[in-house]
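Trainee: Questions regarding the structure given below will be posed in turn.
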Amino acid sequence: MDLIRVEQLAGQHFRVTVRGHVFETDMSLADHGNDAAPSPSELLVGALGACMGMLVNRYCVNHEYPAEGIGLDMTFQLADKPKRIAAITADLTLPEGFPEDRREAVQRAVHSCVVHNTLDVKPEIDLDVV
Amino acid sequence: MADIEINGQVYQIDEDGFMQEPDKWNEDVAKGFAKLEGIESLTEDHWKVINYLRDYYLKFQIAPMIRKLCKESGFKLKEIYDLFPSGPAKGACKLAGLPKPTGCV
């Protein structure tokens with residue numbers, strides 16, 4: 001895997017660089033940030049949605065179904081002790097013309113995307129101070 | 001804890017603006033909170049969501065899960081956000097007079 005570099009810009013505002021791509025993250029004003037970018041939790045939920053969307057696209061391409069126009073509307077709820085994302089809700093919009101009788105199948109398939117699997121099977125996180 | 005005055009009545013709210021005494025809720029409270037949330041007027045669709053949340057809370061003393069809210073009110077997630085831009089918890093539940101939800105809506 002390529003190196004993912006995370007650098008503080010100021011306060012809670014960070015820049016993430018990977019393979020020449022750059023995005024930023026920050027916290028809301030209420031959470032001591034400047035709201036300059038989505039929060040890490042929002043990015044995580046967004047990453048899950050993008051991963052599920054990509055899997056739907058592959059599923060459609062592989063089955064020669066219409067494969068464009070995929071969308072997800074998502075939200076999440078936080079819980080305390082420990083503070084975490086407790087629930088994620090997603091509404092998936094399938095491409096126009098997607099066969100009705102394959103809706104349940106694609107819904108099942110979406111649960112096997114990499115990010116979803118990662119949330120299901122907790123990864124080992126090995127952090128060292130260097 | 002703070003107070004908010006709506007139509008001459010004073011209500012206690014928490015630091016996020018949620019009612020502390022949900023039994024004091026009435027339709028004027030929903031209309032007052034709506035203005036604070038930037039919702040000009042409450043439509044039939046707003047009331048459908050608010051009344052569902054209100055009934056669910058009175059029955060179970062908690063807010064429903066979002067999926068349950070969507071299924072039983074008949075609105076998609078995006079439609080809930082179109083009605084309540086702050087979302088189901090910070091928007092709809094607040095207008096319905098529920099205390100700040102934890103873990104659910």
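Trainee: Between exposed GluC sites (Glu not before Pro) in chain A, where DSSP calls loop and at most 16 other Cβ atoms lie within 10 Å, what's the longest gap?
Mentor: A:1-63
Trainee: Could you work out how far apart the two model spin labels at A:H13 and B:N26 are, taking each label as a point 7 Å from the Cα in the direction of the beta carbon, and quote it in nm?
Mentor: Each label point lies 7 Å from its Cα, and together they span 4.7 nm.
Trainee: As I understand it, the dipole of chain B uses +1 on the Cβ of Lys and Arg and -1 on the Cβ of Asp and Glu, about the Cα centre. Which of B:I39, B:I50, B:F60 lies farthest toward its positive end?
Mentor: With unit charges placed on the Cβ atoms, the residue in question is B:F60.
Trainee: Now for a separate question. If you rank A:H63, A:H32 by fewest surrounding Cβ atoms within 10 Å, what's the result?
Mentor: A:H32, A:H63
Trainee: Right, something else. If R₀ is 22 angstrom, what is the calculated FRET efficiency for the pair B:L36 and A:N34, using the beta carbon separation as r and rounding to 0.05? Each step should come with its number before you reach the end.
Mentor: Details: r = 24 Å, r/R0 = 1.07.
Efficiency at R0 = 22 Å is approximately 0.40.
Trainee: Need the full-extension length gain, B:T43 to B:K59, defined as separation in residues times 0.36 nm minus the C-alpha distance. One decimal, nm.
Mentor: Working it through step by step, the gained length comes to 3.3 nm.
Trainee: Based on Cβ point charges of +1 for Lys and Arg and -1 for Asp and Glu, what charge dipole magnitude is obtained for the protein assembly as shown about its Cα centre, in debye rounded to the nearest 20?
Mentor: In total the dipole reaches around 520 debye.
Trainee: Return the loop-located trypsin sites (Lys or Arg not before Pro) in segment A:41-116 (DSSP other than H, G, I, E, B) with at most 10 other Cβ atoms within 10 Å of their own Cβ; answer none if there are none.
Mentor: Taking segment A:41-116 and a limit of 10 other Cβ atoms within 10 Å, the loop trypsin sites (Lys or Arg not before Pro) found are A:K83.
Trainee: According to a simple spin-label model (label point 7 Å from Cα along Cα-to-Cβ), what is the distance in nm between A:R5 and B:I6?
Mentor: 5.2
Trainee: Per chain A: cysteines with no other Cys C-beta under 4.7 angstrom?
Mentor: A:C60
Trainee: Let me ask something additional. What FRET efficiency, computed as 1/(1 + (r/R0)^6) with R0 = 30 Å and r the Cβ-Cβ distance, is obtained for A:H21 and A:A87, rounded to the nearest 0.05?
Mentor: With R0 = 30 Å, the Cβ-Cβ based efficiency is 0.55.
Trainee: Another question, then. Given only helices, namely DSSP H runs of n ≥ 4 each adding -39500 (n - 2.57), what is the per-residue ellipticity at 222 nm of chain A, to the nearest 500 deg cm²/dmol?
Mentor: Details: 3 runs with 38 residues, N = 130.
It comes out at -9000 deg cm²/dmol, rounded to the nearest 500.
Trainee: For chain A, take the alpha-carbon Rg, divide it by the Kirkwood Rh, and send me Rg/Rh.
Mentor: 1.02
Trainee: In degrees, nearest 10, range 0 to 90: what is the angle between the Cα axis of helix A:40-62 and the longest Cα principal axis of chain A?
Mentor: For helix A:40-62, the angle is close to 20 degrees.
Trainee: A further question on this structure: Would you be so kind as to identify all helices of chain B, as entire DSSP H runs, whose Cα atoms reach 18 Å or more along the helix's own axis and whose mean Kyte-Doolittle hydropathy is at least 0.0?
Mentor: none
Trainee: Taking other Cβ within 10 Å of each residue's Cβ, how do A:I70, B:I62 sort, fewest first?
Mentor: If I rank by nearby Cβ atoms, fewest first, I get B:I62, A:I70.
Trainee: So which of B:K59/B:K100; B:K48/B:K78; B:K35/B:K94; B:K24/B:K76; A:K83/B:K35 end up more than 22 Å apart by C-alpha?
Mentor: As for pairs spanning more than 22 Å Cα to Cα, those are B:K24/B:K76; A:K83/B:K35.
Trainee: Averaging sequence separations of C-alpha pairs under 8 Å and six or more residues apart, then dividing by the length of chain A, give the relative contact order as a whole percent.
Mentor: 15
Here, each number is a calculation from the coordinates, and none is a lab measurement. None of these values were measured; they are calculated from a predicted model. Glycine also receives a Cβ, built like all others from the backbone with ideal geometry; neighbour counts cover every protein chain displayed.
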